[in-house]
Amino acid sequence: MQKDVDFERYAITHRMYGCIPSSRKYVMDTYVRPGMKVLDVGCGDGQHLEYLATSLPKCDLFGTEISQIRVDRVNKKGFACAKVDGPRLPFHDRSFDAIVFFEVIEHIPEADVDLLLREITRVLKRNGVVVGSTPNYPIKRYYDFSHRILSLLRRIPAFGGSDAKPPQSASETYPNESTTSLPKEARRRQPWLIHKIDRLFADDPTHQFFCSFNRIYRLGKSHFQDVELFTTFEATAKTVAISSPTKFFSHKIVFVFKSCN
């Protein structure tokens, strides 16, 4: 993993909580079934593991995280979570029936993406499945900007910051899932207006791999037998063909990769 990204600080300032978007629930409910052994790669603070634990025993649910702080949080919730420092996964071949991979690939250095996907195929059982999501660039930047404009006008709550509260309904972004704030010491060096403008146009500084539907499709096909793609309009997962122009306007890319027999 890239060393100049401070994921421990990120874990402190950006706890992952709140409602899981219905688009993610849909693919988990559809493809992750009772009796499966599941790995959540980049499991954050364990919110997807907690959701899966409503239908699967905790002993069949595992996670990995680059942040020791998040590993400790997930372990305290009763899940087995391993700390990783790179794309290698500390599990035997063919260990899991399903892998959860939500909002992770964008944080991986581009040079490590193929290696991580090879690791995922290695630990995935035959006929296994990967369910995941990632921001859809470049339209993601429009949604960032419009959301911040509306939050400045107090039309919607602003996400981000340690005092953010969970939303009352499913949305496409967890509170605190992406940061747009500068460190306090940097803000003190900036005039107030410049800081506000920077915040308005900022992207998540931990994003390193920028995906589109076409890019995710090509990646999936290079490592898996089958790829299914979904748009997330109104936080609802809807199947979309790779040739459909509607995919360009979806805030998130939800994907399902299926391994070969």
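The values are calculated or read from the model by the stated rules, or taken from the named source; none is laboratory data. No experiment lies behind these values; they were computed from the predicted model shown. For neighbour counting, all protein chains shown are included, and Cβ atoms are generated from backbone atoms with ideal geometry for every residue, glycine included. The accessibility values were calculated without ligands, DNA or RNA, using every heavy atom of the protein model including side chains. Shrake-Rupley method; radii C 1.70, N 1.55, O 1.52, S 1.80 Å.
Among 217-223, 70-76, sorting by the average number of other beta carbon atoms lying within 10 angstrom of each residue, highest first, gives 70-76, 217-223. Across region 3-113, Cα-Cα distances exceeding 24 Å account for 21% of all pairs.
Could you list, in their original order, any pairs among LYS37/LYS258; LYS83/LYS258; LYS37/LYS238 whose Cα atoms are separated by more than 19 Å? Walk me through the intermediate numbers first.
Details: LYS37/LYS258 15 Å; LYS83/LYS258 26 Å; LYS37/LYS238 26 Å.
As for pairs spanning more than 19 Å Cα to Cα, those are LYS83/LYS258; LYS37/LYS238.
List, in the order given, every pair from LYS25/LYS140; LYS125/LYS221; LYS58/LYS252 whose Cα-Cα distance in the structure shown is over 24 Å. Don't jump to the answer; show the numbers that get you there.
Values: LYS25/LYS140 21 Å; LYS125/LYS221 17 Å; LYS58/LYS252 28 Å.
Those over the limit are LYS58/LYS252.
In the context of the full set of protein chains, residues of region 37-121 present 38 Å² of accessible surface per residue (probe radius 1.4 Å, heavy atoms only).
Using only the C-alpha atoms, the convex hull of region 83-156 corresponds to 132 Å³ per residue.
Ordering 227-236, 78-87 by mean Cβ neighbour count within 10 Å, with the highest value first, yields 227-236, 78-87. Taking only the Cα atoms of region 22-63, the ratio Rg/Rh comes out at 0.91, with Rh defined as the Kirkwood radius. Surface composition of region 36-96: carbon plus sulfur atoms contribute 53% of the solvent-accessible area (1.4 Å probe, protein chains only, all chains present).
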